[in-house]
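Here, each number is a calculation from the coordinates, and none is a lab measurement. Quick caveat, the model's predicted, so the values are computed rather than measured. No Cβ is skipped: glycine too gets one built from the backbone with ideal geometry, and neighbour counts run over all protein chains shown.
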């Protein structure tokens, strides 16, 4: 039910140590978020597109995710130029379409798409357990890593519980409608999912205690940095420095 199409591949980025990819994705996302000029953001978008191409993702999955992101960004284009004060480009009655609002919406669009592309290329190319193990090796709080991994694992269990209840309801002739019976049935089904989930969590916790669980996540996955990882770190650092330098130069030129 929860597919990870980007994690299946044999590209250059798939072979990079997950720890390096997580750090690079975070650093590049922060660097892109603080850019002040569209020119630097365009450069970041180019770097992100290059990284995405190197990860060799399924085109359909990429387009669906970018479409989902840009649907939300479209609301910014509808509101920001009309609400941000500045030089008026057009006016319709009480509404004014400002140049500053238009540029801000354009900048947000560039940065948002670049950040999403970087995460698709660097983070989505790992499956969720690998992300958890890498976070543990990066000394993230063990409880946070534990919560992340178990949430991923038991989302599938909860989804399976819901699927079984839904199939059982359909076999008994349940057809969803906009009436009281439908709402009552769906409410009962959701309640049963929570009840079954709580019961399952109690059994799992007891089983873990019997196996010596002490409240601390322990990973047996080993990561080893190689020359390829060092080259990737240098390339990611170079991209980040180029973005910062381009933004600084444009700010200086503008001043």
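With 0.36 nm allotted per residue and the present C-alpha distance subtracted, the residue 177-residue 157 stretch has 4.5 nm of extension available.
For the chain, find the longest principal axis of its Cα atoms and tell me its angle to the long axis of helix 99-122, 0 to 90°, nearest 10. Tilt relative to the chain: about 50 degrees. Rounded to the nearest 10 degrees, the angle from helix 142-171 to the longest Cα principal axis of the chain is 60 degrees. Extension gain for the segment residue 199 to residue 73, taken as residue separation times 0.36 nm less the Cα-Cα distance, is 41.3 nm to one decimal. Placing R0 at 25 angstrom, the Cβ-Cβ distance between residue 250 and residue 83 gives a FRET efficiency of 0.45 after rounding to 0.05. A helix-only calculation puts the chain at -25000 deg cm²/dmol for mean residue ellipticity at 222 nm, using -39500 (n - 2.57) for each DSSP H run of at least four residues, averaged over all residues.
Kirkwood hydrodynamic radius, region 140-210, all distinct C-alpha pairs: what's the number in Å? Kirkwood radius, region 140-210: 14.1 Å. Here region 1-92 is treated as a Stokes sphere of Kirkwood radius computed over C-alpha pairs; at 20 °C and 1.002 mPa s its diffusion coefficient rounds to 132 µm²/s. Highest average first, the peptides 20-33, 87-100 ordered by how many other beta carbon atoms sit within 10 Å of their residues are 20-33, 87-100. Once both labels are positioned 7 Å from their Cα atoms along Cα-to-Cβ, the gap between residue 12 and residue 221 label points is 2.4 nm.
The Rg/Rh ratio of the chain, with Rg taken over Cα atoms and Rh as the Kirkwood radius over Cα pairs, comes to 1.07. Available extension along the chain between residue 207 and residue 99 is 32.7 nm, counting 0.36 nm per residue and deducting the alpha carbon span.
Computed from Cα atoms, the angle from the helix 227-254 axis to the main principal axis of the chain rounds to 50 degrees. Taking packing as the residue-averaged number of other Cβ atoms within 10 angstrom, the listed peptides 63-72, 243-252 run from highest to lowest as 243-252, 63-72. Normalised size of region 171-255, defined as Cα radius of gyration per 2.2 N^0.38 Å with N residues, equals 2.34.
Ranked by how many other Cβ atoms sit within 10 Å of their own Cβ, fewest first, the residues 156, 14 fall in the order 156, 14.
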